[in-house]
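See below for the structure under consideration.
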C-alpha cells in the first residue's frame, strides 16, 4: 500500500522553481532519504508534505486521501525540525503532551502515552526539565518523542542530526533506524550527508536543482549511478572518460585514452555512446610495476600504469592520488600493507564488475 | 608600574562618573520625596520638620482623589486598548505586511516624534469637526491610546523580530489550529514584550500632560492637570505628595513586570 504519493508536484517561489515535477511513491513502513545539496528542493518537498507550503501544481496523497490543500494541523504528520523547535516555555513532559492535548486525549491516557514514549527514547526522569536544560542529544530525542507520541501516519525528519557533534551523529543514525522499525512508521529523512542516507534508508532519492535524479536502494545508488552527478554526490568516485565500443548484455567494452577498458553498464546506451566509467576508490588496486601480481587474479582485467602524486594516511587505509594519464588523476584507497610513496611508479587495476558505465548528459 | 597607576586612576574616574550620574538622576526624586514629608506650608527644600499632614491633605481633597482614580481608570482602559492594538499591529507589520512594511512602521510610531501638544490640538479640532468625543472621557481615551501605541508596538516588534517561527509550525504540525497556536505558543513566548509594553503604556498614560490638558473636561480631569491647576494658586507640598504617588506607582510597575516576566523569558523563542 502506498503511504505517500507525490504526483507531478511543482513548487515555484516567484521566478525560482524549487521543485520541478516530482513524482514519488512511498510504501507503508518504508524509510526514504531525500539526499541532495542545499537548495535542491528536498526541504521544500518535505514542507509541502507537512502542509507548510502549498504546491504550485500537482497533488500530494497521504494514504487514500488527497491532502494537497489540507491545512497542516489536519495531516497527522509527525515532524522533527532541524533546530528541533521545542517549545521553550514548556517542560519536556508538556512538549510531548502537546499533540495529544490537541487531539483531546484524556489526561490519564496522555500521562500513560507520554511515559511510554519517554521510556522508548530513554528520557525518563527528565520530564520536568525545560528544553534549555537539556543536551543536544536529549533535545533531539525529545523532538522525536513529541513527533512519535501522536501516532502519525508519516514521520518527517528535516536534517535531524545536523546540529549534533560527529560522534553523537553516528550513534543517532542507528538509533533512529531502530526506532523507525520498532514503530513501523513510513519515514522521510532529509539530509545532505550521503553517508547518513546510505546507512539509514531503504531507498534514497537523490535530488538536484528541484528534480529527482535517481531513486533506488543505497547499493543501487552507490554501485549503479545513473548520472555522473549522482555518482559524484554519493561517495567518492573516479570518472574515466570513455566511448563504448560494444556490449554483450550488461558487459561492455570501451576505449579510452588509457587503452581498452571493460565494465558493466545500464540498459539503453549502445555502441558509440559517450560517457564515463565510474570506479570507486576502494575498488582500484595498486601494485608494483616489477611484477604482474595484480593481473589476472579476481577478474582484474583493466590495467594501467601511473605515478603516485600524493598520499594521505587515514588510519585504516591510505588515500592515494595516482596520475595515470594526461589530466587524469585517480583517487585510490587501499590497505596500509603495501605502502607506496609520492613519486613511485605503480600499476593500477580494477575488475570489470567494479566499473559502471555512466552516459554523458547529452547521450 | 605606570600602567597600574593609570588603570587605578581610570577606575576611580569611572566610579566617580557613575556616582555623579546616579546622583544627577536620583537627587530630584529624593528631594520630591523629602519635600512631601514637610511640615511647613510651602513646597521648599530643605523641609521644615517632618509630618504626614500633606498626605492627609491629598487624601482629604476630593478634587485630588477624584482625579487620581480617574487617572488610574483612564490608564487601565488605555493600556488594554493600546496593548491589544499595538500587539496586533506588531504581528501584522512584522509578519504579513510586505511592500508597505516600512511605511506602516513609521506610521505606527509617528505619535512619538510629533509633539504631544500638536497631536492634542489636531485631535481637538478633529473631534469638534465631527462632533464626537467632545464630552466625557472618549477624547482622552483616543488621545492617550495614540500616544501609548508606539511603545507597545516597538517593544512587541522587537520581540517578534527574534521569534523563531518554526515553533508555530511545530504547533501546527502537532494539530493546533492558527488560534490555538497563537494562544498556546506565540503569546506565552512573546509575553515578556507584551507585558513590558503594557507597563510602558500605563505609565505613559498616567503621566501624560499635554493631551490631557486639551482633551480633558469637567469631571474628566487627570491627576497631572489637577495638580497643575492647583499649583497655580497654592504652592504647598501636596504637589510633592502627588509626585511621590507617581514614583511609587512606577516602582510597583517595574516590580510587577519583573515578577511576571522574569529575566528568563528574554531567552525564550530565540532563533538558535
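Every read-out reported here was derived from the displayed coordinates using simple, explicitly stated rules and does not represent laboratory data. Just so we're clear, the structure is a prediction, and the values are computed from it rather than from any experiment. As a convention, Cβ positions derive from the backbone with ideal geometry for all residues, glycine included, and neighbour counts pool all protein chains shown.
Quick notes
- For residue B:104: the one exception among (1) part of a helix (DSSP H, G or I); (2) out of contact with any helix residue (DSSP H, G or I) (no Cβ under 6 Å at 6 or more places or on another chain); (3) free of Cβ contacts under 8 Å to residues at least 40 places away in the same chain: (2)
- Residue match in region B:11-18 (condition: in a loop (DSSP other than H, G, I, E, B) and over 27 Å from the mean Cα position of the chain (by Cα)): no
- Within region A:57-168, strands (runs of 3 or more DSSP E) holding 2 or more residues that are surrounded by 14 or more Cβ atoms within 10 Å (Cβ to Cβ) and more than 14 Å from chain B (Cβ to nearest Cβ): A:57-62
- Filter pass, residue B:180 being in a helix (DSSP H, G or I) and either touching a residue at least 12 places away in the same chain (Cβ under 8 Å) or under 24 Å from residue B:200 (Cβ atoms) (or both): no
- Given (1) farther than 23 Å from residue B:196 by Cα; (2) more than 19 Å from the chain's Cα centre (by Cα), index of the condition residue B:106 fails: (1)
- Any hit, region B:229-245, residues being in contact with a strand residue (DSSP E or B) (Cβ under 7 Å, 6 or more places away or on another chain), more than 22 Å from residue B:116 (Cβ to Cβ) and within 14 Å of chain A (Cβ to nearest Cβ): no
- Output for region A:44-56, where each listed residue is within 14 Å of another protein chain (Cβ to nearest Cβ) and either within 23 Å of residue A:191 (Cβ to Cβ) or surrounded by 18 or more Cβ atoms within 10 Å (Cβ to Cβ) (or both): A:44, A:46, A:47, A:48, A:49, A:50, A:51, A:52, A:53
- Of the numbered criteria (1) over 20 Å from residue B:261 (Cα atoms); (2) part of a helix (DSSP H, G or I); (3) within 17 Å of the chain's Cα centre (by Cα), the one residue B:120 fails is (3).
- Taking each residue of region A:167-187 that is on the phi > 0 side of the Ramachandran plot and looking for partners that are in a helix (DSSP H, G or I) and surrounded by fewer than 18 Cβ atoms within 10 Å (Cβ to Cβ) with beta-carbon atoms closer than 8 Å, six or more apart or interchain, yields nothing.
- Enumeration of residues in region B:141-197 that are within 12 Å of chain A (Cβ to nearest Cβ) and within 14 Å of residue B:89 (Cβ to Cβ): B:190
- Odd one out for residue A:197, checked against (1) in a strand (DSSP E or B); (2) under 22 Å from residue A:24 (Cβ atoms): (1)
- Qualifying residue in region A:20-38 (condition: within 14 Å of chain B (Cβ to nearest Cβ), under 18 Å from residue A:191 (Cα atoms) and touching a strand residue (DSSP E or B) at 6+ places or on another chain (Cβ under 6 Å)): no
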